[in-house]
Each structure stands twice: as C-alpha cells, then as structure tokens.
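Comments concern the structure below.
The values are calculated or read from the model by the stated rules, or taken from the named source; none is laboratory data. Just so we're clear, the structure is a prediction, and the values are computed from it rather than from any experiment. Note: ideal-geometry Cβ built from the backbone for every residue, glycine included; neighbour counts use all protein chains shown. The area values use the complete protein model at the heavy-atom level, side chains included, leaving out ligands, DNA and RNA. Shrake-Rupley method; radii C 1.70, N 1.55, O 1.52, S 1.80 Å.
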Amino acid sequence: MVHRKAGALALVAALMLSTSAIAQDKRVVTWNADYDPIPLAAAEALIADFEAANPEIDIQLTNFDHEAYKNAIRNFLTADPPDLANWYAANRMRPFVEAGLFADISDLWASEGLTDALASSLPSMTIDGKQWGIPYTYYQWGIYYNRDAYAAAGVELPGEGGVTWEQFLANCEKFKAAEIDCVTTGSSALWPVAGIFDYLSLRTNGYQFHSDLAAGKISWTSPEARAVFAEFAKLQPFVTENHAAIDWQDAAAIFVQDKAAHYVMGNFAVGVFKEGGMTNDNLGFMVFPEITPGIARAEEAPTDTVHLTSGAQNPEDAKTFLAYMASAEAQSKWNAAVGQLPTNKNATVDPADPFLSAGFQALSTATGGIAQFWDRDADAEYAKAGMEGFQQFLVQPDQLEAILERLEQTRLRLYPQ
C-alpha cells in the first residue's frame, strides 16, 4: 500500500495513517520515503513481491516530495516514528544515530551475512562499530574518457586496470601539447569540482581521513590535508581554464566535442554524453588512479539507505523487510528499474550497459570504503565553504595558504575544539 503525501500536511497525515493502520488484521510495517515517480514504481514492485511472499505483513509506504521529507524527518522520527525511514549513508545518517533516532541493526547484518554481501558499504554504514541501516542503491563516480581525443593526441588508451597517477599526469602533458584539455569540469555550481577533490583526498590519504576531514575532525593546515592539495596542484594546469564560468553540462559539451579527454563525473552524465553524440565505441570509463601506494581503494558513490527507527512499533517485521531490501534479488530488480547500481555484490546489472557493469565491478571490489560526495559527507555550511575553496584553488593555486587558513577558521567556528 502506498500513500503519497507532500507539503505542510504531510507529517500530520502520516501520523494518522500510522495509528489507523494498527486496526488492520495484517501486521503492519510503516515506511516513510521521498521517491520520484520511477523509484516509487520500483518501490511498489518490491512491496508487491515481498507481500506475496509474506502475506501476513502489510507494508504501508507514505511518500513525500523531497523538500517536504527533509523538513519533516526529524519531526516525525521524534513525534511518532514510522517503522522504516529513508535517508543516506555515512555522515548524513550520523546526526540521527547520535540522537538515538535510528536503531542498531548489527544483528541483521550478522544473521544475513551482509558484512560480506554489502562489504563495500560497510564502512559508510558503520558508526561506533555498529550498523545503522541498509544501503540498497548507489551510482559510481570515476573518470569518463574520450577515445577520439586519445587518438587525436596520439595517446595510448587506458588498459583494463586504468593507469597510474604518474601515467595520467604524463598523458595530460601530451593532451596539452595537442591543445586538448586533459580534464574538464564546470564548477559554476561548485559541486562538480568536489568530485575531483574527493578522489584526490581518498587516493592520497584514504577513506577514514576523508570522512574525518568532511566531519571537521582534521585541520586543513595538517600535513595530510596539504598533501591532497599538492596532488591537486599537479592536476590544476590541465583542467579546462574557464571552468568557474560554466556548468557541468557546458563541460559535457566540451567533452563530447573531443576538446577534452577526461571528465571526473557520476554515471548520471552518461545519458548527457550520449545525447551529445557519443557512443559505447568512443566513451570509456576507468577508476581514478592510485596515488599513495598501499591505500585500500575507496570510491565515490552516493548511497541511498533505509533505516529501522528506534521508535518502530513493529521492528521484527520491519527487519524482515530490510533483509529483503538487502538481498541480491531485490536489489537487482530495484536498480534495473531505476538505472543505478545494487550495493549487494551478488546482485546483477545489465551486461549490455558497459558503464553500469564497470561501475558495479569498481564499487563491489572497493575494499577501502564508499564515500558519499563532499556535500553529503559534510554539513551544508561546511560543505559550501569547502567547495568554494576547491574552486578557488583551481583558479588561483597561488592562494593556497589563504584558502587553507579560511577553511581552517571555518572549521574551528563550526566545530569548536
């Protein structure tokens, strides 16, 4: 059963539904979510499958629009929580965990073998050694490359394992000599450049450092943070020069016109590349190169999650549904419908889509963790300050000290020591 709610009355309506449902004969599990039409249809299909296999359980989903959900979630988790609630992984779930609003489901992870099946997401779902939700869908970031630009510059294509960081930078010199941007991006909206910074941070110092940096636990003037910017400085001369004046779609046009060889971007951009005329023949994908040898490979993959609330009225049946949401079967079906990737490594993706297949392989084998993207991993004000700093550094690398000092002052203000 699905209820659609939006706007200011959504919370009241959802609370009325949760109390009236108790009177029904079936055991009810209430679930609050914020789906667009395509994922909502996927949710309805999963609910139908689950209820067919568990006829004694009625999953009642109340669907909000995105903004109403973000505004209502803390209120409904506190006032009269549903059994299940949608949210996001890592630092985005931390405030609800620390407030005692999400329940520990480590026992479910153990009983269902999820530490193995969902291994890539384990770090981003773990706080204080416990697991606090089920990740069921994500999409990869990485480096998309233009094979025609490689041919024009006389550069050898990446192998199956990609290239080393040294090779990547050496290739950038060759692209520059051919008057082709090695890397393009459009940072007028700030967030695209965060994808580049995130990978440099993950590859230089690893997942835990990056997560702690986004959480305000690490100084921007520390040697480790400076090391990230040292690698950033190596890349800076090869990025599209006017990136701060264009958006990500403008940069996509540069990429598809063979004026740029690489684009650090999420898989959602593939459709835009193909609308611009690219095909599977001239569009490629590779993981971001290793920088510091020996650091376990972490990837950038914003992850959607569903959580058992601490005030759930029917936690046992809710856990049964969570186990289903974690399964390879459910995740394969869900993600096929929405065009994203299952977090369960035993799930399947469309083998005819080389980019989903490559992304699934990259994420499923990422032993170092899954980052959530800077503006999900960091709180809103801190995220914006960081992205402004990343963009300025790409424009004015000589202002590094001023940028780091400004970011450090912001950190100390937002996270008093």
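What to note about this one:
- Rounded if a/c under 1.5, otherwise prolate or oblate - the stretch 69-227, Cα gyration tensor axes: prolate
- Charge context of I57, other residues only, Cβ under 9 angstrom, K/R +1, D/E -1: -2
- Candidate cross-link partners of K70 among the aspartates and glutamates, defined by an alpha-carbon separation under 12 Å and a same-chain spacing of 8 or more, comprise D34.
- Protein heavy-atom surface of the stretch 57-169, 1.4 angstrom probe: 47% of the accessible area is carbon and sulfur, with nucleic acids and ligands not counted.
- Portion, in percent, of the accessible area of the stretch 256-376 that falls on carbon or sulfur, probe 1.4 Å: 49 percent
- Counting only alpha carbon atoms, the long axis of helix 10-20 and the longest principal axis of the chain meet at about 40°.
- Among W132, W165, the sequence by solvent-accessible area, most first, with a 1.4 Å probe is W132, W165.
- Rounded, prolate or oblate (a/c below 1.5 giving rounded, otherwise prolate when a/b exceeds b/c) for the stretch 274-343 by Cα gyration tensor: oblate
- Rounded to the nearest 20 debye, the dipole size of the stretch 93-187 about its Cα centre is 180 debye, using +1 on the Cβ of Lys and Arg and -1 on the Cβ of Asp and Glu.
- Per-residue SASA entry for W191, accessible area with 1.4 Å probe, Å² rounded to 10: 60 Å²
- Close amide H partners of F285, meaning residues 5 or more places away or on another chain with modelled amide H under 5 Å apart, are Y145.
- Selection from F321, T367, T309, by position along the positive dipole direction of the stretch 307-417 (Cβ): F321
- Per-residue ³J(HN,Hα) for the stretch 306-321, Karplus 6.51 cos²θ - 1.76 cosθ + 1.60, θ = phi - 60°, Hz, x for Gly and Pro: 10, 10, 6, 7, 5, x, 4, 7, 9, x, 5, 5, 4, 5, 4, 5
- Taking the Cα centre of the chain as origin and assigning +1 to Lys and Arg Cβ atoms and -1 to Asp and Glu Cβ atoms, the resulting dipole is close to 460 debye.
- Other-chain or far-sequence residues with amide H under 5 Å of T62's (modelled H): H3, W31, N32, A33
- 15 Å beta-carbon shell around A269, net charge (K/R +1, D/E -1): -4
- The stretch 296-417 gives an Rg/Rh value of 1.11, both radii derived from C-alpha positions and Rh following Kirkwood.
- Solvent-accessible area per residue in the stretch 26-86 equals 38 Å², computed with a 1.4 angstrom probe and all protein chains kept.
- The trypsin sites (Lys or Arg not before Pro) of the stretch 186-235 that DSSP puts in a loop, and whose beta carbon has at most 16 other beta carbons within 10 Å, are K217.
- Taking all protein chains into account, the per residue accessible area for the stretch 152-210 stands at 39 Å² (1.4 Å probe).
- Between the helical axis of 165-177 and the longest alpha-carbon principal axis of the chain there is an angle of about 60 degrees.
- Assuming charge only on the beta carbon of Lys and Arg (+1) and of Asp and Glu (-1), the dipole of the stretch 295-417 about its Cα centre is about 240 debye to the nearest 20.
- Annotation: amide H of G133 within the under-5 Å range of I105, sequence separation 5 or more or interchain, hydrogens built in the peptide plane.
- Heavy-atom accessible area per residue - the stretch 262-417, 1.4 Å, Å²: 39 Å²
- Once the mean of 1/r is taken over each pair of separate Cα atoms and inverted, the chain shows a Kirkwood hydrodynamic radius of 22.4 Å.
- Scalar couplings 3J(HN,Hα) for the stretch 240-255, obtained by applying the Karplus form with A = 6.51, B = -1.76, C = 1.60 to θ = phi - 60°, are 2, 5, 9, 4, 5, 9, 10, 9, 5, 5, 4, 5, 4, 5, 4, 5 Hz; x denotes Gly and Pro.
- In the stretch 126-241, taking the dipole from charged Cβ atoms about the Cα centre, the farthest positive-side position among G216, A230, G142 is held by G216.
- In this structure, A110 and S222 have a Cβ-Cβ separation that, at R0 = 56 Å, corresponds to a calculated FRET efficiency of about 0.95.
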